[in-house]
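A quick write-up on the structure given underneath.
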Amino acid sequence: MSLRDFGLLTLVCLVWASNNIVSKYVVSHLGLPPLFYAAVRFGIVAAATLPWLLPMPRPRWRLLVVASLMGGGNFALLFLGLKTSTPSATAVIGQIGVPITTLLSMLMLGEQIRWRRALGITLTFAGCLAVMYDPRGFALSPGLLYVVASAFAGALGAVMMKQIEGVKPLQFQAWVGFASFFPLAVLSAWLEPGQVQQALTAGWPFVAAVLYSGLVVSVGAHTGYYFLIGRYEANLISPLTLMTPLATIALGVAIFHDPFGLRMAAGTLLALSGVLIIAVRRNHVMPLLLAIRNRAQ
């Protein structure tokens, strides 16, 4: 990989990591409702990618399901999780989507795994459990449950996406925005009364955050990532995207003072080692899944 392209990948990973911090700030510190934040974000994505919306790829029903899973389902659940969880814990627990994707690929795509990927799956699950554990027992917060649900939604969407051919990245982003905005807006109006007034009260910090999240993260970083996937082998690119959870942890500790003791360090090491083992093995859906997980966080 050239130094220029490695720099681009590093920038993409840092943008993804910074989005974790921005999202935490919006839903926790500004107090914006998570579903409303997700709806506005996808409205911006839909508007920015509108020229690529048509023609609609087929099968249409599968495209809408996949776009909803990867967009509204994945992000809304993640934002709900970030409201009460730290960015650091979210970054580690979110990696559980990687072994879930591998297992779903076996069930839905007929992929076979050998002992190395089985070891990677075991290490990732063990690392996530270590992060959830404390001496008094498993302290699985509702926030982390939302993160696990987000990881499952992204994993299922990634596997289903492999059954759709000929969808270009920006075209897919357009349908993610379109399919996600309206359901999230309806759910927010139903479950989060007063959300518009809260956004107006938050003012420019919210506007800046949602524009950054929608344009720079979802459109810009995503496009850069797929440019690199088109130039290099996926099993070279995918492991390097582990810079994203590492950068998220560093930013979470530095900005929000996330706790990061021995247990958290051990869990992170186990989980990321497992993901690395899975990522370097050739398989069909890993590049897409890592892109989803990193963009969502």
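Here A221, A271, A279 are screened, and the one residue that is at pLDDT 90 or above, within 17 Å of the chain's Cα centre (by Cα) and buried (at least 16 other Cβ atoms within 10 Å of the Cβ) is A271. Find the residue count for region 1-40, including only residues that are in contact with a Phe, Trp or Tyr (Cβ under 7 Å, 6 or more places away or on another chain) and either surrounded by fewer than 24 Cβ atoms within 10 Å (Cβ to Cβ) or in a helix (DSSP H, G or I) (or both). Matching residues across region 1-40 total 12.
For region 244-263, name all the residues that are at pLDDT 90 or above, part of a helix (DSSP H, G or I) and not polar (S, T, N, Q). Listed by number, the residues that qualify are P245, L246, A247, I249, A250, L251, G252, V253, A254, I255, F256. Taken over region 32-59, the criterion of being of a type in the set (K, R) and within 15 Å of K168 (Cα to Cα) is satisfied by R58 alone. For region 116-125, the count of residues that are at pLDDT 90 or above, under 24 Å from T86 (Cβ atoms) and of a type outside the set (F, W, Y) is nonzero. What number of residues within region 264-282 satisfy the criterion of being under 20 Å from Y133 (Cα atoms) and part of a loop (DSSP other than H, G, I, E, B)? Number satisfying all stated conditions: 0. The criterion of at least 2 residues that are surrounded by 15 or more Cβ atoms within 10 Å (Cβ to Cβ), in contact with a Cys (Cβ under 7 Å, 6 or more places away or on another chain) and free of Cβ contacts under 8 Å to residues at least 40 places away in the same chain is met by none of the helices (runs of 4 or more DSSP H) wholly inside region 55-129.
The values are calculated or read from the model by the stated rules, or taken from the named source; none is laboratory data. Source: prediction; values computed, not measured. Glycine also receives a Cβ, built like all others from the backbone with ideal geometry; neighbour counts cover every protein chain displayed.
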